[in-house]
Amino acid sequence: MSHATHHPELHATAEQGILNAPAGVLRGADSWHIFHQYQPTIQAAPRWAHQVSPAAPYDWVICDDVLAPVGTETQLRAGSVAHDGNTADLFFTSVTEDGCSIHVATIENIAETLAEISDDALHLDEHVVRCGEVLADRDGFTDFRSPCVFPKDNGWLMLAVTGKTEHPTLVISESTDRRNWNVLGPLTFQGTTNLENEQRLVAPRIIQLRDELHPDSEELFDILIVTLERDGIDHSGYLVGRLDGTVFTVRTPFQRLDFGHDFTRPRNTNTLDHATYGRAALFGLMNGIGRYDDPTTHHSLKTEDWANCLSVPRLTTLEGGLLFQTPAFGLPAAVEQTNWARMWTGLFDASEGAVTVTLYNPDESIAAVVRHSGDRLQFDRSMNPHHLGSPIAEAELIAADTDALTILVDGSTVEIFADGGVATMASRVYFDTYCAHLEVETTGDATVLQCYEVTGSEL
């Protein structure tokens, strides 16, 4: 790349067209596989794409597509990926004029999908074999969609969305072979959830983690990740507890997973090797309004023929009942290999003041501002002509001995990780070609203890 564009270099996105949502992620010993829903053009029906990154998850190569609508299908929507050894099952939402149902396709050997990649952008990978419908209208539930399939107690569970869009119901099913499913019933809660008045919970996911504050304990906690559709804005978050049958007993009520302008519908990463339950990796769609989005309004689609991207993967741990998120390994080295990306990391004491990091365009105009004031994190892009009137993103922080920030700028993305990952913010920011430089200022008695910056080769 000889000149800067809005297209990120480290984040997974469509080379052209619209990336709609992440579907599932697999991580092996030497590669990461992302499957995502996308449209090659604004008029095209949504299908599933496949990208892979060797070693560190920042160098994405576009592979052959894995799924496209057939027969009476009008589109394919998001789902999840389950695995057994090298075999991967792709669970996806099949949409026809009659409604939604859940289907499955299989890949016998995931490595074979990388052997030969076609020059045809719409070519379907021949290693992907459709196995048919596995869950449709039954037991009083309709329009099964958005499946999350995960191992549990020597079997498999599926958490899916059913019912009308305005009042969806989350339903649990079980299986021993991932083909024949028994519907157990709607997901219910025991304890305080902070979701009592919410009507629209979508994009459910469940991961299992041990609490790192109790390293000797064998207890596994279930982390329920959901997205709230509230007044046209998506709010993704999580609850910590224990799932028994269809009852989720709450330990930690709903907490926001990200406080930025553009993070929704996160997906977990499954591993091809033995799961350790010490940490998980999450990807989110960097789009704050989900299903209400109009891709034609995106500046990147108008100028460069693409829209939307995924966040960088967040290595996620459970500590004292709360999730902490940090960038996946290898990020500084990956930034150095780019042309235009930039990363700043600082340790400081802001208990009696604030640290402000200002991001500048090449013409010295301000594109966005990050402010850490000890107990609060703020991100402001409202002065940017592309984001005029955008509200200031805010997150409350937990009192810490040392305050910290990591800021990643990559194309038209900004991701912020505060105080070891207790709060994160992902936002789209359109710079005037690129982020030319940043300035760090302190106010009050705030003190920067140490910091470093890494940039791409063109900066």
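The values are calculated or read from the model by the stated rules, or taken from the named source; none is laboratory data. Note that the structure is a prediction, hence the values are computed from the model and not measured. Reconstructed Cβ throughout: ideal geometry from the backbone, glycine too, with neighbour counts over all protein chains shown. For the accessible areas, the whole protein counts, side chains as well, though only heavy atoms, and no ligand, DNA or RNA atoms are used. Shrake-Rupley method; radii C 1.70, N 1.55, O 1.52, S 1.80 Å.
Around Leu322, with a cut-off of 13 angstrom between Cβ atoms, what is the net charge of the other residues, counting Lys and Arg +1 and Asp and Glu -1?
Values: positive: Arg251, Arg256; negative: Asp211, Glu212, Glu319, Glu396, Asp419.
Within the 13 Å Cβ shell, the charges total -3.
Taken per residue, the accessible surface of segment 247-329 reaches 35 Å², heavy atoms only and a 1.4 Å probe. For segment 366-420, the solvent-accessible area works out to 38 Å² per residue, with a probe of 1.4 Å and every protein chain left in place.
3J(HN,Hα) couplings calculated from phi for segment 235-240 with the Karplus curve 6.51 cos²θ - 1.76 cosθ + 1.60 (θ = phi - 60°) are, in sequence order, 10, 9, x, 8, 10, 10 Hz; Gly and Pro show x.
First compute the accessible area of segment 53-146 with a 1.4 Å probe, then give the percent of it belonging to carbon and sulfur atoms. Display every interim value, and only then the final one.
Details: 2010 of 4310 Å².
Ligands and nucleic acids excluded, carbon and sulfur give 47 percent.
Just the accessible area per residue of segment 103-208, please: how many Å² with a 1.4 Å probe?
Working: 5350 Å² over 106 residues.
Ligands and nucleic acids excluded, the figure is 50 Å² per residue.
Less than 5 angstrom separates the built amide H of Thr413 from those of Val429, all sequence-distant by 5 or more or on a different chain. Across segment 34-42, rounded Karplus estimates of 3J(HN,Hα) from the backbone phi angles (6.51 cos²θ - 1.76 cosθ + 1.60, θ = phi - 60°) give 10, 10, 9, 7, 7, 10, x, 9, 5 Hz, Gly and Pro being marked x. Other residues lying with their Cβ under 11 Å from the Cβ of Met343 contribute a combined charge of -3, Lys and Arg counting +1, Asp and Glu -1. Dipole of segment 101-179 computed with +1 at Lys/Arg Cβ and -1 at Asp/Glu Cβ about the Cα centre; of Asn109, Leu135, Thr169, farthest Cα towards the positive end is Thr169. Taking amide hydrogens as placed 1.01 Å from N in the peptide plane, the amide H of Ile206 sits under 5 Å from those of Ile225, each at least 5 positions away in sequence or on another chain. Residue-wise HN-Hα couplings along segment 292-309, as the Karplus relation 6.51 cos²θ - 1.76 cosθ + 1.60 with θ = phi - 60° gives them from phi, are 8, 5, 10, x, 5, 8, 6, 4, 5, 6, 5, 9, 9, 6, 8, 8, 6, 8 Hz; Gly and Pro carry x.
Expressed as a whole percentage, what fraction of the accessible surface of segment 331-455 belongs to carbon and sulfur atoms when a 1.4 Å probe is rolled over the protein heavy atoms?
Values: 2310 of 4980 Å².
For segment 331-455, the apolar C and S fraction of the accessible surface comes to 46 percent.
The Rg/Rh ratio for segment 54-131, using Cα coordinates for both the radius of gyration and the Kirkwood hydrodynamic radius, is 0.99.
Evaluated over the Cα positions of the chain, the convex hull gives a direction-averaged projected area, one quarter of its surface, of 21.3 nm².
Rolled with a 1.4 Å probe across the full set of protein chains, the surface gives Ser236 an accessible area near 0 Å².
Sorted by accessible area with a 1.4 angstrom probe, largest first, how do Arg256, Arg251 fall? Could you put the intermediate results ahead of the total?
Numbers: Arg256 75, Arg251 105 Å².
So, going from the largest accessible area down, we get Arg251, Arg256.
A dipole drawn for the chain from +1 and -1 charges on Cβ atoms has a positive end, and of Thr72, Ala49, Ala121 the residue lying farthest that way is Thr72.
Quick one: pull the percentage of alpha-carbon pairs in segment 4-137 with a separation above 18 Å. The answer is 53 percent, as a whole percent.
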